[in-house]
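The values are calculated or read from the model by the stated rules, or taken from the named source; none is laboratory data. Note that the coordinates shown come from a computational prediction; the quantities given were computed from them, not determined experimentally. Cβ: placed from backbone, ideal geometry, glycine included. Neighbour counts: every protein chain shown. We work out accessible area using only protein heavy atoms, side chains counted, and drop any ligands, DNA or RNA first. Shrake-Rupley method; radii C 1.70, N 1.55, O 1.52, S 1.80 Å.
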Amino acid sequence: MIDPFGRRITYLRVSVTDRCNFRCSYCMAEGMTFLPREELLTLEELDRLCGVFIELGVRKLRITGGEPLVRRGVMTLFRSLHRQLESGRLDEVTVTTNGALLARYAAELAACGVRRINVSLDSLDPERFRALTRLGRLDEVLEGIAAARRAGLKLRINAVALAGLNDHGFDAMVAWCGSEGHDLAFIEAMPLGETGPERVAHWMSVDEVRRRLEERWTLQEIDYRTAGPARYVRVAETGGRIGFITPYSHNFCEACNRVRLTCTGTLYLCLGQEDAADLRGPLRAGEGNAAVQAAVMAAIGRKPRGHDFDAARLAAGPQVVRFMSLTGG
Ligand code: SAM
């Protein structure tokens, strides 16, 4: 699959549910309403769609949400994707999770061929963590992370930078990730979904994060890259890696190799644009996959050049109405 800008699409993110056991203040509204269950694709349907994308050249899948591990029976999807990994049709399956259910699932994920996961963790202070997530318990997440390490998974901790909410704890995070051997990534809050004024009031650029870290740590440029948009440095004092993800810069889009499938079978071509394709209709129209393939290819043919998030327009409200929890992080 090659889009109009010559980018090869090899990476699919699949949001398996819009539900979550947390309500992070920059991600969701407090009184969030979720999709009626009958709108969701079954796990078999999601698996079938993944198969279509793999036939069309996708080599890497990330399972996300909502919180992917709250979807009942989600391991059946991982088991099926494991077969795709074993047959060599797929290079990598990864997961983005808040970690709360990892203690239960880490070993099974590893057995299904998952090697690396991202755990979202914005603060190591239990009270701050509770306030940010509204429902989360830090000890559960730390237990989940420990279980993931025991299972042999490599971790990247993702933290959204929020001035006045978690910035006092960045040094502690760098020290902890360094000593535990986790990569760490700082991410700027994006204008997705009507979450209220907090996200704007606490917005912080990753340039600012980097400037503050440099007061305490020696950050060395390195070449390390993953399939994603993070730019990495090494912390001389800990040997750990830190990534900086700035969705507001343009190079975020130039190398974009991904599209995003929601739990209702909608394919979004860009996190920051509304254009989408319905795959549920063609999927349910028949047993064969030709109609789905055609719909996917037509959509790839109109993948936009990029999003145009503008930090200067943040205060004007969300630039994309759907929540991150729907499109999948
Ligand atoms: N529940 C899983 C988790 O917590 O990782 C997966 C879904 S969550 C939507 C994925 C990532 O998106 C998390 O790291 C979260 O912090 C991030 N996120 C959510 N809303 C965001 C926003 N408006 N701007 C930037 N990142 C956001």
In a loop (DSSP other than H, G, I, E, B), touching a residue at least 40 places away in the same chain (Cβ under 8 Å) and either of a type in the set (D, E, K, R) or under 10 Å from residue 16 (Cβ atoms) (or both): is that true of residue 57 in this structure?
no
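Here are some residues: 45, 86. Which one is free of Cβ contacts under 8 Å to residues at least 40 places away in the same chain and away from the ligand (no atom under 15 Å from the Cβ)? Working first, answer last.
Values: 45 fails: free of Cβ contacts under 8 Å to residues at least 40 places away in the same chain.
The conditions single out 86.
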Residues in the stretch 22-33: is at least one among the polar types (S, T, N, Q) and in contact with a Gly (Cβ under 6 Å, 6 or more places away or on another chain)?
no
Restricting to the stretch 108-163, give me the number of residues that are within 14 Å of the ligand (Cβ to nearest atom), under 14 Å from residue 182 (Cβ atoms) and assigned to a helix (DSSP H, G or I).
4
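For the condition in contact with an Asp or Glu (Cβ under 6 Å, 6 or more places away or on another chain), aromatic (Phe, Trp, Tyr) and either surrounded by fewer than 18 Cβ atoms within 10 Å (Cβ to Cβ) or at positive phi (or both), what is the one hit in 5, 34? Please lay out each step first, then the result.
Numbers: 5 fails: in contact with an Asp or Glu (Cβ under 6 Å, 6 or more places away or on another chain).
Result of the check over 5, 34: 34.
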Give me the pairs: first residue in the stretch 218-233 and among the polar types (S, T, N, Q), second residue open to solvent by 30 Å² or more (accessible area, probe 1.4 Å), beta-carbon distance under 6 Å, and six or more apart or on different chains, which are they?
218/236; 220/234; 220/236
Within the stretch 177-200, restricting attention to residues that are of a type in the set (A, V, I, L, M, F, W, C) and open to solvent by less than 50 Å² (accessible area, probe 1.4 Å), which residue is farthest from the ligand (Cβ to nearest atom)?
177
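Would you be able to tell me the number of residues in the stretch 62-83 that are part of a helix (DSSP H, G or I) and within 11 Å of the ligand (Cβ to nearest atom)? Lay out the reasoning, then the answer.
First, the residues of the stretch 62-83 that are part of a helix (DSSP H, G or I): 68-70, 74-83.
Filter once more, keeping what is within 11 Å of the ligand (Cβ to nearest atom): 68-70.
Number satisfying all stated conditions: 3.
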